[in-house]
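A short worksheet on the structure shown next.
The values are calculated or read from the model by the stated rules, or taken from the named source; none is laboratory data. For clarity, every value in this text was computed on a predicted model and none was experimentally measured. Note that each Cβ is placed from the backbone with ideal geometry, even for glycine, and that neighbours are counted across all protein chains shown. Protein only, heavy atoms only, side chains kept; ligands, DNA and RNA dropped before computing areas. Shrake-Rupley method; radii C 1.70, N 1.55, O 1.52, S 1.80 Å.
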Amino acid sequence: MEWSWQAALVLAAAAALAGWCVPALVARLPEPPDPDPEKTPYADLAGAGTAVQTAAWSGLVAGLVGGALGWSWPLLYLVPLVPVGVALAWVDLRTRLLPKLVVGPCYLVVLVLLGIVTAITGDLDALGRAFVGWLVAGGLYWLLWRFTPGMGYGDVRLSGVLGLVLAHLGWAELAVGIYAGFVVGVVGWLPLRLLGITRDRSFPFGPFMLVGAVIGIVWGADLAGRLG
């Protein structure tokens with residue numbers, strides 16, 4: 001993989017600025033109807049130092065994505081999703097919820113940006129692959145939600161967005177990104193249990209899905225090439 005330091009630094013700085021605004025935006029989310037009595041209110045999540053953390057994580061992820069892909073058109077839809085993904089991971093860890101008011105608009109944004117990228121590049125195959133990825137990832141997570149305990153429907157919503165962007169990059173990125181989410185989730189369950197964040201088989205899976213997607217974006221093609 002050829003690393004682009006220029007893209008990494010520029011995009012890290014831009015995403016860090018956007019990530020700084022994440023807590024203020026999350027604090028304005030309306031509470032879900034009939035929330036769990038133990039749920040932390042969204043307005044209480046924006047504690048001291050939170051903006052620094054979300055900015056740092058947004059910068060780190062965008063730097064990895066920019067460094068791996070260089071100045072390429074997929075950055076048009078990937079980079080705006082970075083602070084959104086950080087926000088979702090942070091909220092899910094604290095509340096075990098992936099707010100549909102955040103995930104839902106991502107579909108519209110991604111579809112519009114995919115259309116723009118396709119108009120520029122003329123790559124209709126990648127666009128078709130993105131829709132197949134949406135169906136594959138969304139269908140897999142729907143089955144898991146329907147027939148296994150512990151999976152929330154927010155994970156199903158998020159899986160469709162990840163399927164779109166991963167598959168647009170390539171089949172390897174889709175396969176590695178989805179598989180890595182499950183591997184990281186299994187490994188990550190133990191520290192969550194030890195830290196008392198979860199006390200049963202139900203735990204916030206969104207952060208692990210997002211980490212898996214980053215692995216697929218950054219290293220998916222290389223990993224698939226080595227395994228193949």
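The table that follows gives values for the structure above.
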| quantity | calculated |
| --- | --- |
| Single residue of Leu101, Leu144, Leu135, Leu127 found to be within 30 Å of Arg28 (Cβ to Cβ) and either at pLDDT 95 or above or open to solvent by 40 Å² or more (accessible area, probe 1.4 Å) (or both) | Leu101 |
| Members of the stretch 151-183 found to be farther than 14 Å from Ala130 by Cβ and open to solvent by 40 Å² or more (accessible area, probe 1.4 Å), listed by number | Tyr153, Arg157, Ala175, Tyr179, Phe182, Val183 |
| Failed criterion for Tyr107 (all others in (1) buried (at least 20 other Cβ atoms within 10 Å of the Cβ); (2) over 19 Å from Ala221 (Cα atoms) hold) | (1) |
| Residues (open to solvent by 60 Å² or more (accessible area, probe 1.4 Å) and in contact (Cβ under 8 Å) with a residue 40 or more places away in the chain) located in the stretch 21-34 | Cys21, Leu25, Pro30 |
| Matching residues, the stretch 1-18, being over 15 Å from Val84 (Cβ atoms), part of a helix (DSSP H, G or I) and open to solvent by 80 Å² or more (accessible area, probe 1.4 Å) | Trp5, Gln6, Leu9 |
| Residue match in the stretch 71-93 (condition: farther than 28 Å from Phe131 by Cβ, in a helix (DSSP H, G or I) and of a type in the set (Gly, Ala, Ser)) | no |
| Pairs where the first residue, in the stretch 7-20, is within 17 Å of Ala68 (Cβ to Cβ) and the second is aromatic (Phe, Trp, Tyr) and open to solvent by 40 Å² or more (accessible area, probe 1.4 Å), C-beta under 6 Å, 6+ apart | Ala7/Trp71 |
| So Pro37, is it open to solvent by 80 Å² or more (accessible area, probe 1.4 Å), part of a loop (DSSP other than H, G, I, E, B), over 12 Å from Trp90 (Cβ atoms) and not polar (S, T, N, Q) | yes |
